[in-house]
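Enquirer: Below is a structure I'd like to ask you about.
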Amino acid sequence: MRQNISSGSPWEDKLGYCRAVKIGNTIEVSGTTCAGATMEEQTKGIIELVKKVLEENGSGLKDIVRSRIYTTDISQWETIGTVHGSYFKDIKPALVLVEVSKLIDPEIFVEIEFTAVLS
């Protein structure tokens, strides 16, 4: 059974997506961004937002099996990685960290997608 998990953003209807989709014991979380002045603030904010969504839907960070990180500045990989590692050092999901030329807003430096499998 499919369950669409909405964030309530007006962009969801406009673009035809939702924050996450749960099918069976898998939750796929859409690319998530967060306002913040620094790469560290944005990365932490994204993970905290996703943590909340997962917890509200019977899951949690412990269930994340894959992180896909997109950044507009790969030279900041250690900053991003340190924040990611502070949440996932014991969970150790599969990971990709790649540089992209642009994200949807020039003030956004990082976007992350997650896959969680409920245990």
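Read-outs throughout are calculated quantities, based only on the coordinates presented, and are distinct from any laboratory measurement. Values in this document were obtained by computation on a predicted structure and should not be read as measured data. Ideal geometry is used to build each Cβ from the backbone, glycine not excepted, and the neighbour counts take in all protein chains shown.
Enquirer: Please state the relative contact order of the chain as a whole percent: Cα pairs under 8 Å, 6+ residues apart?
Expert: 33 percent
Enquirer: Okay, next question. Just need the relative contact order of segment 34-99 here, percent rounded to a whole number, with Cα pairs under 8 Å and 6+ apart.
Expert: After rounding, I find 38 percent.
Enquirer: Of all DSSP beta bridges in the chain, what percent run antiparallel (nearest 5)?
Expert: Here the antiparallel bridges make up roughly 75 percent for the chain.
Enquirer: So, one more: Normalised by the number of residues in segment 15-59, what is the relative contact order in percent for Cα pairs under 8 Å and 6+ residues apart?
Expert: The normalised contact order for segment 15-59 reaches 22 percent.
Enquirer: Positive end of the dipole of the chain, charges at C-beta (+1 Lys, Arg; -1 Asp, Glu), about the Cα centre: which of 17, 69, 79 has its Cα farthest in that direction?
Expert: Ranked along the dipole, the leading option is 17.
Enquirer: Please work out how much length the chain gains when fully extended from residue 73 to residue 92, using 0.36 nm per residue of separation minus the C-alpha to C-alpha distance, in nm with one decimal.
Expert: My answer for the length gained is 4.5 nm.
Enquirer: Dipole size in debye (nearest 20) for segment 2-117 around its Cα centre, Lys and Arg Cβ +1, Asp and Glu Cβ -1?
Expert: Using only the charged Cβ atoms, the result is roughly 440 debye.
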